[in-house]
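Below is one structure, written out as C-alpha cells, with a few remarks after it.
The values are calculated or read from the model by the stated rules, or taken from the named source; none is laboratory data. Just so we're clear, the structure is a prediction, and the values are computed from it rather than from any experiment. With ideal geometry, Cβ positions are generated from the backbone for all residues, glycine too; neighbour counts draw on all protein chains shown.
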Amino acid sequence: MQDRFVITPPDWLVRGPAARILALLAGARAVGGAVRDTLAGLAVADIDLATTLSPEAVAARLGEAGIRVVPTGIAHGTVTAVLDGAPIEITTLRRDLETDGRHAVVAFDADWREDAARRDFTINAMSLAPDGTVFDYFGGQPDLAAGRVRFVGEAPMRIAEDYLRALRWFRFQARYGRGAPDPAALAAIEAAAPALRRLSAERVWSELKRILEAPDPRAVLGLMEAAGVARVVLPEGTDLAALDRLVAAGAPAEPLLRLSVLLAPGADLDRFARRLRLSGEEAARLAALRAGPAPVPENDEAALRRLLAEFPAGLLAGRSWRAQPGRPDPAWQALRARIAAMAVPVFPLRAADLGLPEGPRVGRALAAMRAAWLAGGCVADRASLAAEAQRLIASGLL
C-alpha cells in the first residue's frame, strides 16, 4: 500500500498562521483533523501541527520570532502558539511508554510512522507537509473515501490505551461513517464497555455532547445500545423512539434538546447532571426543556404573550420541538416564527406605583396584578393596573 500521495496544498497550509509556523519549524507537518477534513472537502476548524523538535526547542524558536507560546501540555510534548489570535497546537512526535486506559507516559523519540501508530483511527493518523505531500501509513485516505471508521492497528489495543476512544469511535462514525460499521471496532468496543466506568465524568459528557450534535446521531446511538455502551454512560435509560421523532421533525442539532428526549421518562435529572458534572446552565436548561408548558400552533397571540412573559423564547422553541409530532410541519414552523417575532411582554407595574408603605401587602398586590395582567394577555398598562390595585386596596380585597 502506498504510504504517501500529493495534493494541491490547501489555502490554510500556504498562508496564514499555520504556514508561518511551519516555515519556522523545518520538517513540521499538519496532523489529525485538519488533514482529514481537507481530504473530505470539509471546512477546517482547528489546525494541529507535529514536529521532531522538542517542546523546549519549539517554544524557543517561536519565541525568537515574536510568537506567543503557551506550555499547555508540555509534559506530553504539546505547546500552543497564539498567532493573529488563532491558537495552534504543536506536538513533538512521541511514543507511549505506559498506558492505563486514561493516561499515558510518553517518550519524545518517535519517528513519523511510530507517532501515527499511536493515534486512534486511520482517518486521524495522516499528516500533511507544506508541499502538499500526504503521509498515510495506515490507509486513512481509502477509509475516509469509503466512510469507514477503523482503529489504527489492533482495535482492542487502541481502546485499552485510552478507553475514551470507544466513545470517540461513535462520534466519528456519526460524522464520517457510511454503510456497515467496522465489525472489528464494534467487537472491541463491546468487550471494553464495562471499563468505560473508569472514565472521568467530564470526558464522557464532552464526547456525549459531540455525538448528540452530529447531523443525525440515531444510528450510532442504536449501535451504542447494541454494544452495551449506552447502559454504561446513560444508566438512566434511553428513549430512542422519542429521539427518532425529534430528528424526523427537523429539530436543530442541539445536544441538550436531543438529550431532553433521549433520556428515559422519569429519569432523575438532578442525579444525571451531578453524575456527568453538567454546568449549572446546562442542568437548568435540560430540566426546563423537560418540564413546563409548550406552545402549540393553536395558541392565539394572547396565549403566546403569556408564555413569553414567563419563559425565554429559545426555551419555548425547544419545548415546541419536543411537542411536535415526528414529521416536518409548516404549522409548527410558523409557530416558532411567531414566537421569534414577538416582543417579550414586561410586567409594567412597580411597587412605587402602589402608594403603599413597604410590607407584605405590596408583594400581595403586585402578585395579584401580575396574575390579572397575565390573564388578560399581557396588554394592560401601568396606569390601569395601578388603578385596579388601588380599587382592590380601598375595598379591602388586598
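Listing for the model above:
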{"read-out": "Elements of type strands (runs of 3 or more DSSP E) in segment 68-121, at least 1 residues being farther than 22 Å from Asp46 by Cα, modelled with pLDDT under 85 and among the small types (Gly, Ala, Ser)", "value": "104-107"}
{"read-out": "Residue that is buried (at least 19 other Cβ atoms within 10 Å of the Cβ) and touching a helix residue (DSSP H, G or I) at 6+ places or on another chain (Cβ under 8 Å), where the choices are Leu221, Leu240", "value": "Leu221"}
{"read-out": "Selection within segment 244-284 - loosely packed, with under 13 Cβ neighbours inside 10 Å and at positive phi", "value": "Gly266"}
{"read-out": "Residue within segment 322-332 that is assigned by TED's automatic domain parsing to the domain that holds Pro181, of a type outside the set (Gly, Ala, Ser) and surrounded by 15 or more Cβ atoms within 10 Å (Cβ to Cβ) present", "value": "no"}
{"read-out": "Residues of segment 339-366 that turn out to be over 39 Å from the mean Cα position of the chain (by Cα), of a type in the set (A, V, I, L, M) and exposed (fewer than 11 other Cβ atoms within 10 Å of the Cβ), as a count", "value": "1"}
{"read-out": "Residue within segment 321-334 that is touching a Lys or Arg at 6+ places or on another chain (Cβ under 8 Å) and without any contact (Cβ under 8 Å) to a residue 40 or more places away in the chain present", "value": "no"}
{"read-out": "Qualifying residue in segment 273-281 (condition: closer than 23 Å to Gly147 by Cβ and not basic (Lys, Arg))", "value": "no"}
{"read-out": "Condition met for Leu42 (surrounded by fewer than 18 Cβ atoms within 10 Å (Cβ to Cβ), under 30 Å from Arg178 (Cβ atoms) and aliphatic (A, V, I, L, M))", "value": "yes"}
{"read-out": "The one condition in (1) under 18 Å from Glu225 (Cα atoms); (2) assigned to a helix (DSSP H, G or I) that Pro181 fails to fulfil", "value": "(2)"}
{"read-out": "Tally of residues being assigned to a helix (DSSP H, G or I) and modelled with pLDDT of 95 or more across segment 37-60", "value": "4"}
{"read-out": "Cβ-Cβ under 6 Å pairs, at least 6 apart or on other chains, segment 91-118 side hydroxyl-bearing (Ser, Thr, Tyr), far side at pLDDT below 90", "value": "Thr91/Gly77; Thr92/Gly77; Thr92/Phe108"}
{"read-out": "Residue match in segment 374-394 (condition: in a loop (DSSP other than H, G, I, E, B) and touching a Cys at 6+ places or on another chain (Cβ under 9 Å))", "value": "no"}
{"read-out": "Segment 136-171, subset in a loop (DSSP other than H, G, I, E, B) and hydrophobic (A, V, I, L, M, F, W, C), residue surrounded by the most Cβ atoms within 10 Å (Cβ to Cβ)", "value": "Val149"}
{"read-out": "Residue in segment 17-25 that is crowded, with 22+ Cβ neighbours inside 10 Å and among the small types (Gly, Ala, Ser) present", "value": "yes"}
{"read-out": "Yes/no for Leu366 being assigned to a loop (DSSP other than H, G, I, E, B), in the same structural domain as Gln390 (by TED's automatic domain parsing), modelled with pLDDT under 95 and of a type in the set (A, V, I, L, M, F, W, C)", "value": "no"}
{"read-out": "Any hit, segment 335-358, residues being assigned to a loop (DSSP other than H, G, I, E, B) and at positive phi", "value": "yes"}
{"read-out": "Every pair of residues 6+ apart whose Cβ atoms lie under 6 Å, when the first sits in segment 3-23 and is without any contact (Cβ under 8 Å) to a residue 40 or more places away in the chain while the second is assigned to a helix (DSSP H, G or I)", "value": "Pro10/Thr38; Trp12/Ala18"}
